[in-house]
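Peer 1: What follows is a structure written as structure tokens; I'll ask about it next.
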Amino acid sequence: MRLTFKKSILMLALLAAGTSFYSCKDEVDESDLYTFQGSTIANYLEESENYTDYAYICSKVRLSKKSESNIAQLLSTRGNYTVFAPTNEALQAYLDSIYVTTNYDITQIPDSTAEYIVRNSIIDNGNNEAYLTTDFLVGALEQTNMNDRYITISYANDSTTSKAITLVNEHSRIINPDVEVTNGVIHGVDGVVQMSNAYLPDLIEQTPNLKVFSMLLQQTGWNKKMELYRDEDYEQNHPETLTSSDFGTLKCPEHRYIGFTAFVETDSIFMEKWGIPEPVVANGILQNGDEILEVIRQKCAEAYPDATGTDLKQEDNAVNQFVSYHLLPERLTLDKIVCHHAEMGFAYNNPTQLSIDCFEYYETLCKIHRRLMKITEGKRINRHCKYKTDIAAGDFYEEYDIDRPGILIEESNHNYVNNALNGFYYTIDDILLYDNDVPNLVLNERLRWDMSSLLPEMMTNGYRLCANNDWHIFPPGYFEYMDFGKESKYRYQSYWSSTVDNYQGDEHNINGQYDIVFRLPPVPYYGTWELRIAKPTYPTFGMAQIYLGQNRDNLQPIGLPVDLRLNYTLPVIGYETDTEDWDANYANDRVMRLHGYMKAPYHDGIKKSGGTAITESMRCTRTYAGYERIRRIVTQGTFGPDEVWYIRIKSVLESTATMFLWDYLEWCPKHIYAGTEMEDIW
């Protein structure tokens, strides 16, 4: 995650005893100090009688161990900083509690404690405006703090006055909101902003109402597989910059964090739904775990009858498969479990006003039995319904005939912290199973992924749909599921406020003599499927040979090279612009399929300047007709859920200036693409 300071890029690692901090430039630029009118954050804290102690410890925290500049100086410079400042009283209470004393002398505060308090409470918003309370939504703020951790926002009612209150990380109440100064916003809080330094399984273990799921993590060994946080080899050996032929030199990510998300049943859900004995807990330890586990073994054996292994730590065991289906290999903030950004009718400047349904498909952690879960808006897991999709009849992708409501992902867990060092857990309102209806009903549909949702590192490290329009470049080895050589220049831009016709707005763009191998997501059941990828149609894009297979070192070419420069209106493609005559539009769709192409999905559209509601679909854009993205049908064949397939994209041109666009891909079952009814355009 990149933290951008004025003329300074800091590489900040985990705050803990003995942790080192690295930076490219570690000093505050003196030319940025006190050069504008009005009060700065530093001025306000120093001059306010409520925050003088916080101002003092800011002066004790250096930007890095190599630096002589401190955080107080940083807060005197130009910038956009959001500061959750604890009052003097809150600081005193915190120090007294951790050092088990009364009136602890703040001048004796250890450097490690000062750094913990200060770095957890400050967000550098870079070129974006600092956060006001009107910007808050339930869940994590998009920008991480100076410890590269997410700060979460929740709401509650005061137990005494019943008035609504805003909580930071569940425990620090904002009591003095929205103090606007020249270089940011200060929110006074009544408690030090605290962060758990526990790994996700340990945080679950520490949570009083999650004792049963914690026991299951330990019994199956999945707790050990989630004790990863940061790629230390990358920390020491990654390039700081890379150069591409048309974008010049770009900065590489400073870190490669590893993260996880767990969807967790509370103890009460296990009691209500599965009838387990009431957990008996003494000194934080579950006392009747064996008795509870026996009930869960029986329930899992019924749910996963083919998983007959007896070793709970092996993936052929029913309890193991039950647990693994709750776990994802990425750190997901609540607001990005399902992404809203460029769907028809949505306005990103009004994110709480939703339009049509959006969905994401996630592959769970189990490596042998590869399984997907679908999450729809309303944060529902494996919901199933039908959609009104007939544009000619005026339908606009509305839900109807809901035969499976799905399992609700809850916003909070009774004010228990859900934000671990390496991920989040979210409690759910029912038992989460991969029953037969999941692959055969819920997932028995066209499956579409934005490329960002297939790369866990994009989500864990905060790049997916980040609210800045900088180009980012990634070195070889950054992504677990994708390989490319040093001749491939892999760039990403969120296009947050730009008007381009990419699915979900963002763009994965590779130039140079590119050669990419990507591990495809699984299909949900064994059968005939069609694989599709997005195809740009613009002169600066090149020509690529596509390969496919299960041996990543010996993939077979699929057809002839695909010319990404061909205009979509050429007869070899056969695109005709949509009109109000939908019979003619559907006839043109059939012609394009015969040529191996499809128009872009109707679901997403062209964003408007200023982020107002989207009205123009990417399927038939006229505003950006010269940049139209269509779909290329790669192949049709037989695929199975436990098979691992790879796709390779290799440039066949000598020019290193041409590009390849990763945008989205689709798996579509035969009964949809070759069924009795034509596939919907959404």
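Peer 1: Given a 1.4 Å probe, how much area per residue of the chain is accessible, in Å²?
Peer 2: Heavy-atom SASA per residue in the chain reads 39 Å².
Peer 1: Determine the order of 472, 414 by accessible area, beginning with the largest, at a probe radius of 1.4 Å. Each step should come with its number before you reach the end.
Peer 2: Details: 472 15, 414 140 Å².
Ranking 472, 414 by accessible area, largest first, yields 414, 472.
Peer 1: What's the extension gain from residue 655 to residue 415 if we count 0.36 nm per residue and subtract their Cα-Cα distance? Don't skip to the end; give the middle numbers.
Peer 2: Working: separation 240, 0.36 × 240 = 86.40 nm, distance 5.65 nm.
Taking 0.36 nm per residue and subtracting the Cα distance, the gain is 80.7 nm.
Peer 1: To continue, here is another question. Pick out, from 359, 681, 661, the residue whose Cα sits farthest towards the positive end of the charge dipole of the chain, with +1 on the Cβ of Lys and Arg and -1 on the Cβ of Asp and Glu.
Peer 2: Checked the options; the winner is 661.
Peer 1: How much net charge surrounds residue 432 when only other residues with a Cβ under 11 Å from its Cβ are counted (Lys, Arg +1; Asp, Glu -1)?
Peer 2: Computed value for this residue: -3.
Peer 1: Give me the net charge of residue 653's neighbourhood, meaning all other residues with Cβ under 14 Å from the Cβ of residue 653; Lys, Arg count +1, Asp, Glu -1.
Peer 2: Its environment carries a net charge of -2.
Peer 1: Taking R0 as 41 Å, what FRET efficiency do you get between residue 467 and residue 308 from their Cβ-Cβ distance, rounded to the nearest 0.05?
Peer 2: Plugging the Cβ-Cβ distance into 1/(1 + (r/R0)^6) gives 0.25.
Peer 1: Please find the FRET efficiency linking residue 274 to residue 642, where r is the Cβ-Cβ separation and R0 is fixed at 25 Å, and quote it to the nearest 0.05.
Peer 2: Values: r = 27 Å, r/R0 = 1.09.
Efficiency computed from Cβ-Cβ geometry: 0.35.
Peer 1: In addition: For the stretch 169-245, compute the orientation-averaged projected area of the C-alpha convex hull (one quarter of its surface), in nm².
Peer 2: Spelled out: convex hull of the Cα atoms, projected over all directions, averaged, 10.6 nm².
Peer 1: Additional query: For the chain, max minus min Cα coordinate along each principal axis, in Å, sorted largest first?
Peer 2: If we take the Cα atoms of the chain, the spans are 79, 66, 49 Å.
Peer 1: On a straight-distance basis, which lysines could pair with residue 66 in a cross-link, Cα separation under 20 angstrom, same-chain partners fewer than 8 positions away excluded?
Peer 2: Output for residue 66: 6, 7, 25.
Peer 1: Still on this structure: Taking the Cα centre of each part, how many Å lie between the stretch 445-519 and the stretch 318-336?
Peer 2: If you average the Cα positions of each part, the centres end up 22 Å apart.
Peer 1: Let me check against my output: what whole-number percent is the relative contact order of the stretch 126-282, with C-alpha pairs under 8 Å and at least 6 apart?
Peer 2: 13 percent
Peer 1: A further question follows. At what distance in angstrom do the alpha carbon centres of the stretch 575-644 and the stretch 41-111 lie from each other?
Peer 2: 54 Å
Peer 1: Report, in listed order, any pair from 225/251; 163/607; 60/336; 336/486; 65/224; 486/535 with a Cα-Cα distance greater than 27 Å.
Peer 2: Cα-Cα > 27 Å for 225/251; 163/607; 60/336; 336/486; 65/224; rest within.
Peer 1: Any idea what the relative contact order of the stretch 328-370 is, in percent, if you count C-alpha pairs under 8 Å spaced at least 6 apart?
Peer 2: Numbers: 35 pairs, mean separation 16.2, N = 43.
So the answer I get is 38 percent.
Peer 1: I'd like the per residue volume of the convex hull spanned by the Cα atoms of the stretch 155-287, given in cubic angstrom.
Peer 2: 245 Å³
Peer 1: Follow-up question, since we're still on this one. Counting only the backbone N, which residues of the stretch 54-73 are under 15 Å from the spot 7 Å out from the Cα of residue 111 toward its beta-carbon?
Peer 2: Taking a point 7 Å out along Cα→Cβ of residue 111, the residues of the stretch 54-73 whose backbone N falls under 15 Å are 58-71.
Peer 1: With +1 on each Lys and Arg Cβ and -1 on each Asp and Glu Cβ, and nothing else charged, work out how big the dipole of the chain is about its Cα centre, in Debye to the nearest 20.
Peer 2: 1560 debye
Peer 1: Residue by residue through the stretch 71-79, which ³J(HN,Hα) values in whole Hz follow from phi under the Karplus form 6.51 cos²θ - 1.76 cosθ + 1.60 (θ = phi - 60°), with glycine and proline marked x?
Peer 2: So the Karplus estimates, Gly and Pro as x, are 5, 4, 5, 4, 6, 9, 9, 4, x Hz.
Peer 1: How far apart, in nm, are the 7 Å Cα→Cβ label points at residue 528 and residue 402?
Peer 2: Spacing of the two 7 Å Cα→Cβ label points: 3.5 nm.
Peer 1: Could you work out what % of the accessible surface of the chain is carbon and sulfur, using a 1.4 angstrom probe and leaving DNA, RNA and ligands out of the count?
Peer 2: 47 percent
Peer 1: Just the number, please: percent antiparallel of the DSSP beta bridges in the chain, rounded to the nearest 5. Walk me through the numbers on the way to the answer.
Peer 2: Details: 106 of 119 bridges.
Counting only bridges with both partners in the chain, antiparallel ones make up about 90 percent.
Peer 1: Next question. What 222 nm value per residue comes from the helices of the chain, counting each DSSP H run with n ≥ 4 as -39,500 (n - 2.57) and dividing by all residues, nearest 500 deg cm²/dmol?
Peer 2: Calculated from helices alone, the mean residue ellipticity at 222 nm is -4500 deg cm²/dmol.
Peer 1: Tally Lys/Arg at +1 and Asp/Glu at -1 over every other residue whose Cβ is under 12 Å from the Cβ of residue 553; what's the total? Write out the running numbers ahead of the final one.
Peer 2: Details: positive: 552, 648; negative: 483.
Here the charged neighbours net out to +1.
The values are calculated or read from the model by the stated rules, or taken from the named source; none is laboratory data. Since this is a predicted model, take the numbers as computed values, not measurements. No Cβ is skipped: glycine too gets one built from the backbone with ideal geometry, and neighbour counts run over all protein chains shown. Calculation scope for accessible area: heavy atoms of the full protein, side chains included, ligands and nucleic acids excluded. Shrake-Rupley method; radii C 1.70, N 1.55, O 1.52, S 1.80 Å.
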